[in-house]
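Any read-out appearing in this document is the output of simple, stated calculations on the displayed coordinates, not a laboratory observation. As the structure is a prediction and not an experimental result, all values here were calculated from the model. Cβ placement follows ideal geometry from the backbone for every residue including glycine, while neighbour counts extend to all protein chains displayed.
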Amino acid sequence: MATSVGPLLEHNGGLMIAVRATLVRDLTLLLRRRGEVLNPLVFFALVITLFPIAISPDPELLATIAPGLLWVAALLAALLSLDSLFRSDYDDGSLEQLLLAPQPLAALSLAKVAVHWLLTGLPLALMAPLLGIMLALPAGSYAVLAVSLALGTASLSLIGAIGAALTVGLARGGVLLSLLVLPLYIPVLIFGAGAVQAAILGDGVSAHLAILGALLAAALMLAPWAIAASLRISING
Amino acid sequence: MSLCLEARQLACERDDRWLFQGLDLTIRSGEIVRIEGPNGSGKTTLLKILSGQLGDYQGELFWNGAAMKDAREHFLANLLYLGHAPGIKAGLTPLENLAWYQALSGKSNQDSDNEESRLDALANVGLAGFEDVPAGQLSAGQQRRVALARLTLTPRALWVLDEPFTAIDRYGVAALEQQLVAHAQSGGCVLVTTHHELTASPLLRRIALA
């Protein structure tokens, strides 16, 4: 087996190739472990199903609390799925390989977060209108619910990934992860639930959605660097 | 080409105990450097420091004369690190696992030439016929071989191998040893820890940790 060593590689481009390969790899992995993908969705459906039974089937009462309920349940479902984001990579050693890749770690971890959102946040957003029917959500707010959740869960995935990266080295980081991340989730929750509330009351929703979009833009700008730094801290310790 | 990884006055402390202190080390092209020492003497820690993974140490690292923090990108583009954990995803097939590593080295994994080279790399480590079996169903030794296939798949000058012989059978060990020597002879450089006795070779240098 002769190995030929060429000249030293000057720089290693191929950022798009690496990002794309990471996307494909994580998508393939998660689609092969469907149970893990379905977990947050089942949790979301279960929680929403229990409320009408426990509180009251009165549609008027349910309609007033529906936006908040749907948003809180979706947020917790997204939180539930965070711990596994970097965990298996950490356990099998691919995380240290990811850190040693010549491409910027921020871009590669952004690819991982994108996959997380595609298979957690987006399905939650698509499923929410269906569960809204169960809570007698007034007509006209379904589209706003889905859009606000799609925008909001993207921010949640990005912010949550910082916490997941910080706690990946800990054996039981789940509780700590929630404590770290929940305070940062509150602005997203306020404006997300606010958007649906506004749609029900007939007020303009664009302000709320614009703020959700702004939060997402800020998270997209800052979170990848924070995730990369957090992963470095976790691996170093 | 020539490469040179240099460490000056390296020291690392773990749990109030110095693993090593005042360690000076220069690794050049054409060398196989074996780090020796009993369990817990800091071999893995030293390899991680030298491959730029740990930050809590004293001393300085230089890559081809430039301080590591300035030359990090160039260093990483020329480094192949194999750790204790093989870095192989149980849910992916060996071919898919290698495709990711190939992409990280900057080569498109869609290309049919590159697909060919992945198959070759797997055949080289004796895994022909296992290309499409999920890696989770392979034995520990076979998983390690998938990781070792990266040595031929993504040519890098500096190999940092932490216990590469673990779980590998006798024939595999001999083949890997030859591969290390061939790599050093062709101008590469190998940094390795192992409890396995390496055949004496003029290229081999030993560094003992207390």
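General remarks:
- Per-residue mean of C-beta atoms belonging to partner chains within 10 Å, peptide B:182-188: 4
- Taking a ≥ b ≥ c as the square roots of the Cα gyration tensor eigenvalues, the protein assembly as shown comes out prolate, since a/c reaches at least 1.5 and a/b is larger than b/c.
- Report summary: the helix-based calculation at 222 nm, which adds -39500 (n - 2.57) for every DSSP H run with n ≥ 4 and divides by the residues of the protein assembly as shown, gives -19000 deg cm²/dmol.
- The angle between the Cα long axis of helix B:94-104 and the main principal axis of chain B comes to about 50°, on a 0 to 90 degree scale.
- A simple charge model with +1 on the Cβ of Lys and Arg, -1 on the Cβ of Asp and Glu and nothing else charged puts the dipole of the protein assembly as shown at about 240 debye relative to its Cα centre.
- Members of A:K112/B:K43; A:K112/B:K107; B:K48/B:K69 lying beyond 24 Å, as alpha-carbon distances in this model show: A:K112/B:K43
- Degrees separating the helix A:15-32 axis from the principal Cα axis of chain A, which is the longest one: 60 degrees
- Chain B: most fluctuating residue of B:V33, B:V133, B:V146 per GNM, C-alpha cutoff 10 Å: B:V133
- Inter-chain shielding of B:13-26 (mean C-beta neighbours from other protein chains, 10 Å cut-off): 0
- Average beta carbon contacts from partner chains per residue of A:15-25, 10 Å cutoff: 5
- Computed about the Cα centre, the dipole magnitude for chain B is approximately 320 debye when only Lys and Arg (+1) and Asp and Glu (-1) carry charge, each at its Cβ.
- Whole-number D in µm² s⁻¹ for chain B, Kirkwood Cα-pair radius fed into Stokes-Einstein, 25 °C, 0.890 mPa s: 137 µm²/s
- Kirkwood hydrodynamic radius computed over chain A comes to 18.9 Å, based on all pairs of distinct alpha carbons.
- Principal semi-axes of the equivalent ellipsoid, √(5λ) from the alpha carbon gyration tensor of region B:29-131, are 31, 18, 13 Å from largest down.
- Of the peptides A:96-104, A:164-172, the ranking by mean beta-carbon count within 10 Å, highest at the top, reads A:96-104, A:164-172.
- Cα-projected label distance for A:A136 with B:E6, points at 7 Å along beta-carbon direction, nm: 7.9 nm
- The distance linking region B:122-189 with region B:44-109 is 16 Å (Cα centroid to Cα centroid, whole angstrom).
- Using alpha-carbon coordinates, inclination of helix A:206-236 to the longest axis of chain A, degrees: 40 degrees
- Mean Cα-pair separation over length for chain A, i.e. relative contact order, pairs under 8 Å, 6 or more apart, %: 25 percent
- The amide H of B:C4, built 1.01 Å from its N in the peptide plane, has B:N64 as neighbours under 5 Å, considering only residues 5 or more places off or on other chains.
- Mean separation of Cα pairs under 8 Å and 6 or more residues apart, divided by the residue count, gives chain B a relative contact order of 31 percent.
- Protection proxy ranking of B:5-15, A:224-234 - average other beta-carbon atoms within 10 Å, highest first: A:224-234, B:5-15
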